[in-house]
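Colleague: Dropping the structure in here first, questions after.
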Amino acid sequence: MESALKGYFKSLKGKKVAVIGLGVSNRPLVEGLLDAGVPVLVCDKRRREDFNGAIETLERRGLTAALGPDYLDHLEGADVIFRTPGLRPDVPQIARAVAAGARLTSEMEAFLDLCPCRIIAVTGSDGKTTTTTIIAGLLKAAGYRTFVGGNIGHPLLCQVDDIRPDDMVVLELSSFQLMTVAQSPSIAVVTNLAPNHLDVHKDMDEYVGAKRNIFAYQDARDKLVLNADNEITAGFAGEARGAVTLFSRRKTVAGGVYLRDKTVMSAGHPVLGIDDILLPGLHNLENYMAAIAAVDGLVHDEVIRDFARTFGGVAHRIELVRELDGVRYYNDSIASSPSRTIAGLRSFDQKVILIAGGYDKHIPYDVLGPEIVEHVKALLLTGDTAEKIKAAALAAPGYQEGRPAIYDCADLRAAVEQARALAKPGDVVMMSPASASFDRFKNFEERGNAFKDLVNALN
């Protein structure tokens, strides 16, 4: 019997297939297509020399490469186009190809079509990765053979033949991945929504619309998990086609997950004491609530409690780097939006020395100002958004000159050195940029690793 993946690749033979972007998500796809005898046109804005010989190796297997600034000007005549997640689907070159008959898809969309088992998918502005990781960890601890993909883990399309119907797949999905999907998972989770990625999305409506696709194609057999404390996500409940489970740390939600006397309750019965959660911060309590709602009926309460007592979190998310001379240094490089930095600030019961600033995604920073005044003793700013963050702090009600003290730093190294000079025993230094990393780093991981290297080099 022909496997699902072989059948899919076979259906592409004789077609002109273009893959945009030879990055992490598309490299296995390209190799799988070439293995199946499907010629592939790869379009990538990088130069040939940036691939360290990989292009030449793939060309010997049948690849055609369109590289450099005009990489999208070679899609004419394409039958199928696999989009890279970070590229808008309506750029003129793609729009013309689609108008001429090309089918636009992606590695993730193909996987959603072919996956034989239940899928739990998570999206939101903040908490996606931690919630996804918790859900996957709970399922593994409960004995399920579990695959993790999307924004984390690794591409799953070329593994689809290894996945059995009784396995579980957990996906973290970004707004970019969701923009063009036409299939939803059996269990969809939306952690929260706030302005984000407005440098790519036309406006907030488009951003929210992309997130909505995670449940738009569900049916009555499916489940949608929503944050009842977030106005936008709570509003999704009336649009759901399947069952809805709400979670809230502020109020009781009938049939949902909520907090009562320092205990997480699910449909009226106690599941997890908040003192059993190793991860700090109210935002991580919400992440656990979302995860508990998602795995209801799949994972026993004892498994949840045992996992929560030992799970130390995900790298670059309020990650303790080291303690030096009584000062604790935390890496929160994942915080690429004000709401994420606010959650980090609220995780500590003391004012912190905050390093912030980075690439400008054209999102508002006014909500961050009051939080800085309340939770920050010294603000160290660097990057493209430094002036915006400073302006938000200066304009915040309650700001007094020097409270917090604000320092302009040339770069991350200067900010770490300034933090070291200011910090006293008992202080917390946290890099939580409230901005993306692309002004100076490839991604938030590279930024976080650079911060950790600088902190670990202090003596």
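The values are calculated or read from the model by the stated rules, or taken from the named source; none is laboratory data. Note that this is a predicted model, so its numbers are computed, not measured. Reconstructed Cβ throughout: ideal geometry from the backbone, glycine too, with neighbour counts over all protein chains shown. All accessible areas refer to the heavy atoms of the entire protein, side chains included, with ligands and DNA or RNA removed. Shrake-Rupley method; radii C 1.70, N 1.55, O 1.52, S 1.80 Å.
Colleague: Excluding ligands and nucleic acids, what accessible area in Å² is computed for Phe444 using a 1.4 Å probe, to the nearest 10?
Modeller: Its accessible surface works out to 50 Å², give or take rounding.
Colleague: With every protein chain kept in place and ligands, DNA and RNA left out, what is the accessible area per residue of the range 240-350? Probe 1.4 Å, answer in Å².
Modeller: 43
Colleague: Let me have the relative contact order for the range 124-229, percent, based on Cα pairs under 8 Å that are six or more residues apart.
Modeller: Answer for the range 124-229 is 30 percent.
Colleague: Still on this structure: Run the numbers on the chain and let me know its relative contact order in percent, using alpha-carbon pairs under 8 Å that are six or more apart.
Modeller: The value is 11 percent.
Colleague: Here is a follow-up. Please report the accessible area of Arg96 (heavy atoms, 1.4 Å probe, ligands and nucleic acids excluded) in Å², nearest 10.
Modeller: 150
Colleague: Still on this model: Using the Cα centre as the reference, give the magnitude of the dipole from point charges on the C-beta atoms of the range 173-315 (Lys, Arg: +1; Asp, Glu: -1; all else neutral), rounded to the nearest 20 debye.
Modeller: The calculated dipole for the range 173-315 is roughly 160 debye.
Colleague: Let me ask something additional. So, for the range 1-51, what is the accessible surface per residue at a probe of 1.4 Å, expressed in square angstrom?
Modeller: Accessible area per residue: 51 Å².
Colleague: Counting only protein heavy atoms, what percent of the accessible surface of the range 350-448 is carbon or sulfur at a 1.4 Å probe?
Modeller: Summing carbon and sulfur atoms, their accessible area is 51 percent of the total for the range 350-448.
Colleague: Further, regarding this structure: Could you size up the charge dipole of the chain around its Cα centre, putting +1 on the beta carbon of Lys and Arg and -1 on that of Asp and Glu, and report it in debye to the nearest 20? Walk me through the numbers before you get to the answer.
Modeller: Values: 52 positive and 59 negative charges, 61 e Å.
That gives a dipole near 300 debye.
Colleague: What trypsin sites (Lys or Arg not before Pro) does the range 261-364 have in DSSP loop regions with at most 12 other beta carbons within 10 Å?
Modeller: On the way: sites: Lys262, Arg305, Arg309, Arg317, Arg322, Arg328, Arg340, Arg346, Lys351, Lys361; in loops: Lys262, Arg317, Arg346, Lys351, Lys361.
Within the range 261-364, the qualifying trypsin sites (Lys or Arg not before Pro) (loop, at most 12 other Cβ atoms within 10 Å) are Lys262.
Colleague: I've got another one for you. When all protein chains stay in place, what accessible area (Å², nearest 10, 1.4 Å probe) is found for Tyr144?
Modeller: Roughly 70 Å² of Tyr144 is accessible to a 1.4 Å probe.
Colleague: Go through Tyr144, Ala95, Ala335 and say which Cα lies farthest out towards the positive end of the charge dipole of the chain; charges sit on Cβ, +1 for Lys and Arg, -1 for Asp and Glu.
Modeller: Sorting the options by dipole projection puts first Tyr144.
Colleague: Another question, if that's okay. Name the residue from His316, Ala393, Ala237 whose Cα lies farthest towards the positive end of the charge dipole of the chain, charges +1 on Cβ of Lys and Arg and -1 on Cβ of Asp and Glu.
Modeller: Ala237
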